[in-house]
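Following: one structure in structure tokens, then a few remarks.
Every number in this text was worked out from the coordinates using simple rules, so none of it is lab data. Just so we're clear, the structure is a prediction, and the values are computed from it rather than from any experiment. For neighbour counting, all protein chains shown are included, and Cβ atoms are generated from backbone atoms with ideal geometry for every residue, glycine included.
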């Protein structure tokens, strides 16, 4: 899975854009009566972006991460200040191209792992220079 069109975050400079939030929940099972009003406003930046100056957005392309819930076209929120620990999904630079994969470390080696068995692992020698940031949230379109 490749990633395309990296956009620097403008969250720090952007004005808040609060949207209506219903305090009642929407059950995924048996439906309940809907409320006709919203009880407060919600700004997704407050919930999805912890470090505005270190955050950027990128769109995923391909199917190598479908097992991790990242579909082609998904919008990824990436934080460069987060620790790229074993098991985290990261944006990495491989052979001059960006990719999204799960970072793995063990036995003295480091590699990028796809979440689709059709894709082979990618061995990396210097993970600190290759990892651009940690994916903190995924927004898929239905």
Label point distance in nm, residue 116-residue 42, each placed 7 Å from Cα along Cα→Cβ = 3.0 nm
Can you tell me the Rg and Dmax of the stretch 66-142, counting just the alpha carbons, in angstroms?
-> 12.0, 40
Subtracting the Cα-Cα distance of residue 123 and residue 105 from 0.36 nm times their residue separation yields 5.5 nm
